[in-house]
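Asker: Below you'll find the structure I mean.
The values are calculated or read from the model by the stated rules, or taken from the named source; none is laboratory data. What you are looking at is a predicted structure, and each value in this text was computed from that prediction instead of being measured. Here the Cβ is made from the backbone with ideal geometry for all residues, glycine too, and neighbour counts use every protein chain on show.
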Amino acid sequence: MLTKIREKAQGVFAWVILLLICVPFALWGIQNYLDFGKEAPVASVGAKDFFQRDVNKAYAQYSQNLQGSVDEVALKQQVLQKLIRDEVLLQYVHDKNLVITDATARAFITSLEYFQVDGKFNKKQYRALLNAQGLSSAEFLGRIKNALMMEQFQHGIVDSSFATTYDVNSFFKIQNQLRTIDFVTVAAKPSFGPLTDEELNAYYQQHLDDYRTQDRVAIEYIDLALSDLANNVEANDEQLKAYYEEQKELYTTKERRKISHILFAVNAQISDQAALEKAKKALEQLKTEDFAQVAQALSDDKLTAKNGGDLGLFEVGVMEPAFEKAASTLKAGEISEPVKSAFGYHLIKVTELVPSVTQPFDAVKDAVKKAYQTAQAENTFYESGQTLTELSYENTDSLTEAADALGIDIKKTGLFSREQGEGIATEAKIRNAAFSEEVLNGNNSEPIELGNDRLVVLRKLNYEPATTLELSEVKAKVSAGLTAEKARRQALAQAAELKKRLQAGEAMEALASESELAYEKDRNITRDNAELPQELIQAVFKAAKPVPGRPTVFAVGLASGEQVVVSLTQVKEGVMSDEDKKRMDLATRNIARAFGQSLFNAVISSLQAKADISIRSK
């Protein structure tokens, strides 16, 4: 249950990155800002207008992150509502004069992986990506500041929320509740004569949607891949060796140092001088005794002492400077002089030392070549992506112009459905785009990002609408469906009769015996029970508590068609287990964050109710 209470609030910031900043950071979105002077807005928040192109762009970026088919109309409505909510919040934080400094925004920008090469901010890539979007650095900085202001406001509410001990105890009382039930299972078994043609036809007519083929589409597409561009990059040994020297650390295995220590603590009882004297005395012992044994006997670091003082692999930046200096300069097997830290004095020994090794050029030449080709092709990829974006938008009824300009062949697929396809159609993003309203109407799709190094634009080649199959073609399927339906209805009727008799006071055991049904008595279950069907578990914990002498009786339908008739006889309040107590801090944080997120949502709803919002009805 705790995993369902999210530790990190989801809300403004993730959407701001996608929608407010308007730069899909993977980074190809069409800038639809051409001659829309007469277009009516679909919604307005104060003086801010949102047009259909804004919704389409946000939808395109958001839907690319979804797997499987999506309801385009419903999702566009959600996107529009999110645009409105975020604009309401943005206007509010500006009215309240919240401020994010340029330095803070720049620090955030440099931390984004989209602008980094080999883990470091790269100005060349930063400018290339912004140029591809037609954004100046100042404009982008402003949008980032807006996003961070909104996040700051959200955190101010969410992070200030708290959960009391009472809240946490109440949660575990409910979460760990134990419920006792008796139940019988009524199987969905056919017990009727042959099906008539009239019954089959009636069932078929009532379930026509079940016998429809899926609509299918075939597409043609341009597939711009960084790997393809990289393969065309020529590279001689001189260039590769120069690149190898620049990136040598990538082909270098860092030094491996494992250390142990003996700590002589300085505290209220032991003075600095006394600890130092103990360390010096121990150092003399180590001339004739084993380091691990002395550590076990003398070290004040009891956690590591039992393992002979072992601290594991040495990492720079974890220990104090004096400790790190000694640990990084010792030879294998060498023991340091007493080293002072905030904890006291240490004797340090390097127990394992594997020197740093750089692989020679000839051994990694193939890897160097691939990395060099990729690095050289990146700018071409960004520029080609911009060309593909522009030409596919300017020529919405053809891919030929973009393909000719890029020197890329137009590829084609066979027919595929919304749920599955072959080749590139195995990608959910491709299927979603292929069945979008825009593409089915004969236009090119928005650029579709497949990872950070592949960009696809597609258009409809052929479309086959869904059709309803004739009864003669699906008679066996109709017969199976009707048989299962009649069996379910019989099980439902039998369960209803059993429930009625139980409520009248008859004993479940006797009823089960009479009807030859599987019967289980006094079954204790918790919410995380994995043995019984989830439909049953959920119904049991939604049921009203029984009153003394009068159990709560109800029936539950299962996906299998079976019916379970349940008598809830007892409810015991949950108690915290030892494992729950260990997770007390986590539970408190998660419950507090859930409270905070709920409060934040309420604040946004309140701001939205007061804002000047208009939405154009279609």
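Asker: Give region 525-549 a look and list any residue that's among the small types (G, A, S) and over 29 Å from the mean Cα position of the chain (by Cα), or say none.
Answerer: Residues satisfying the conditions are A539, A543, A544, G549.
Asker: Next up: State whether one or more residues within region 504-518 are in contact with a helix residue (DSSP H, G or I) (Cβ under 9 Å, 6 or more places away or on another chain), closer than 14 Å to A187 by Cβ and hydroxyl-bearing (S, T, Y).
Answerer: Yes, region 504-518 contains at least one residue that is in contact with a helix residue (DSSP H, G or I) (Cβ under 9 Å, 6 or more places away or on another chain), closer than 14 Å to A187 by Cβ and hydroxyl-bearing (S, T, Y).
Asker: Test of understanding: among V99, V79, which residue is among the β-branched types (V, I, T) and within 30 Å of E419 (Cα to Cα)?
Answerer: Criteria check complete, one pass: V79.
Asker: Another question, then. Is it true that some residue in region 593-613 is farther than 30 Å from K76 by Cβ, surrounded by fewer than 11 Cβ atoms within 10 Å (Cβ to Cβ) and not hydroxyl-bearing (S, T, Y)?
Answerer: no
One line per residue, one yes/no per condition, for (1) assigned by TED's automatic domain parsing to the domain that holds S605; (2) at pLDDT below 75; (3) not charged (D, E, K, R):
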{"residue": "N32", "(1), (2), (3)": "yes, yes, yes"}
{"residue": "E39", "(1), (2), (3)": "yes, yes, no"}
{"residue": "S44", "(1), (2), (3)": "yes, no, yes"}
{"residue": "F51", "(1), (2), (3)": "yes, no, yes"}
{"residue": "N56", "(1), (2), (3)": "yes, no, yes"}
{"residue": "N65", "(1), (2), (3)": "yes, yes, yes"}
{"residue": "Q77", "(1), (2), (3)": "yes, no, yes"}
{"residue": "E87", "(1), (2), (3)": "yes, no, no"}
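A quick yes/no check of all residues on (1) of a type in the set (D, E, K, R); (2) farther than 30 Å from I448 by Cα; (3) in a strand (DSSP E or B):
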{"residue": "E198", "(1), (2), (3)": "yes, yes, no"}
{"residue": "Q205", "(1), (2), (3)": "no, yes, no"}
{"residue": "L224", "(1), (2), (3)": "no, no, yes"}
{"residue": "A230", "(1), (2), (3)": "no, no, no"}
{"residue": "Q239", "(1), (2), (3)": "no, yes, no"}
{"residue": "A242", "(1), (2), (3)": "no, yes, no"}
{"residue": "E245", "(1), (2), (3)": "yes, yes, no"}
{"residue": "K280", "(1), (2), (3)": "yes, yes, no"}
{"residue": "T288", "(1), (2), (3)": "no, yes, no"}
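Asker: Mind listing whichever residues of region 483-534 are assigned to a strand (DSSP E or B) and closer than 25 Å to Q177 by Cα?
Answerer: Scanning region 483-534 gives Y519, E520, K521, D522, R523, N524, I525.
Asker: Let me ask another. Can you name the helices (runs of 4 or more DSSP H) wholly within region 84-184 that have at least 2 residues being within 30 Å of D528 (Cβ to Cβ)?
Answerer: Fully inside region 84-184 and qualifying: 165-175.
Asker: Determine which single condition T164 fails, assuming it passes every other condition in (1) free of Cβ contacts under 8 Å to residues at least 24 places away in the same chain; (2) at positive phi.
Answerer: (2)
Asker: Follow-up. Here are S137, S191: which of them is surrounded by fewer than 17 Cβ atoms within 10 Å (Cβ to Cβ), at pLDDT below 90 and within 30 Å of K96 (Cα to Cα)?
Answerer: Testing whether each residue is surrounded by fewer than 17 Cβ atoms within 10 Å (Cβ to Cβ), at pLDDT below 90 and within 30 Å of K96 (Cα to Cα) leaves just S137.
Asker: Do you know which residues across region 444-454 are within 23 Å of the chain's Cα centre (by Cα) and crowded, with 16+ Cβ neighbours inside 10 Å?
Answerer: Once the filter is applied, which keeps residues that are within 23 Å of the chain's Cα centre (by Cα) and crowded, with 16+ Cβ neighbours inside 10 Å, region 444-454 yields P447, I448, E449, L450, D453, R454.
Asker: Go through region 298-325 and give me each residue that's touching a Lys or Arg at 6+ places or on another chain (Cβ under 7 Å) and part of a loop (DSSP other than H, G, I, E, B).
Answerer: F314 - this is the single residue of region 298-325 that is touching a Lys or Arg at 6+ places or on another chain (Cβ under 7 Å) and part of a loop (DSSP other than H, G, I, E, B).
Asker: Return the pair list, or none, for Cβ contacts closer than 6 Å from residues in region 584-603 that are under 14 Å from T165 (Cβ atoms) to residues that are surrounded by fewer than 20 Cβ atoms within 10 Å (Cβ to Cβ) and among the acidic types (D, E), at least 6 apart or on different chains.
Answerer: I591/D167
Asker: With the condition kept exactly as written, say whether any residue in region 256-266 is assigned to a strand (DSSP E or B) and out of contact with any Gly (no Cβ under 9 Å at 6 or more places or on another chain).
Answerer: Yes - at least one qualifying residue is present in region 256-266.
Asker: Out of (1) surrounded by 17 or more Cβ atoms within 10 Å (Cβ to Cβ); (2) out of contact with any Lys or Arg (no Cβ under 6 Å at 6 or more places or on another chain), the odd one out for N232 is which?
Answerer: (1)
Asker: Which of the following residues is within 30 Å of G561 (Cα to Cα), under 34 Å from the mean Cα position of the chain (by Cα) and not in a strand (DSSP E or B): A466, A480?
Answerer: Unique residue meeting the criteria: A466.
This table checks each residue for (1) touching a His at 6+ places or on another chain (Cβ under 8 Å); (2) crowded, with 16+ Cβ neighbours inside 10 Å; (3) modelled with pLDDT of 90 or more.
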| position | (1), (2), (3) |
| --- | --- |
| A279 | yes, yes, yes |
| T288 | no, no, yes |
| F291 | no, yes, yes |
| A295 | yes, yes, yes |
| S299 | yes, yes, yes |
| L311 | yes, yes, no |
| F314 | no, yes, no |
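Asker: I've got another one for you. Of the residues L226, L250, which is surrounded by 19 or more Cβ atoms within 10 Å (Cβ to Cβ) and aliphatic (A, V, I, L, M)?
Answerer: Criteria check complete, one pass: L226.
Asker: Hey, among the residues in region 326-362 that are in a helix (DSSP H, G or I) and without any contact (Cβ under 8 Å) to a residue 12 or more places away in the chain, which one's surrounded by the most Cβ atoms within 10 Å (Cβ to Cβ)?
Answerer: Result: T329.
Asker: Further, regarding this structure: State the number of residues belonging to region 91-105 that are out of contact with any Leu (no Cβ under 7 Å at 6 or more places or on another chain) and either of a type outside the set (S, T, Y) or not assigned by TED's automatic domain parsing to the domain that holds F51 (or both).
Answerer: 9
Asker: Among the residues of region 395-443, how many are without any contact (Cβ under 8 Å) to a residue 12 or more places away in the chain, assigned to a helix (DSSP H, G or I) and crowded, with 19+ Cβ neighbours inside 10 Å?
Answerer: Residues that pass the stated criteria total 0.
Asker: Can you pull out every residue in region 455-495 that is surrounded by 18 or more Cβ atoms within 10 Å (Cβ to Cβ) and within 27 Å of K412 (Cα to Cα)?
Answerer: Within region 455-495, L455, V456, V457, L458, R459, K460 meet the criteria.
Asker: To continue, here is another question. Tell me, which residue of region 545-582 that is without any contact (Cβ under 8 Å) to a residue 60 or more places away in the chain and in a strand (DSSP E or B) is surrounded by the fewest Cβ atoms within 10 Å (Cβ to Cβ)?
Answerer: Per the criteria, the residue is V547.
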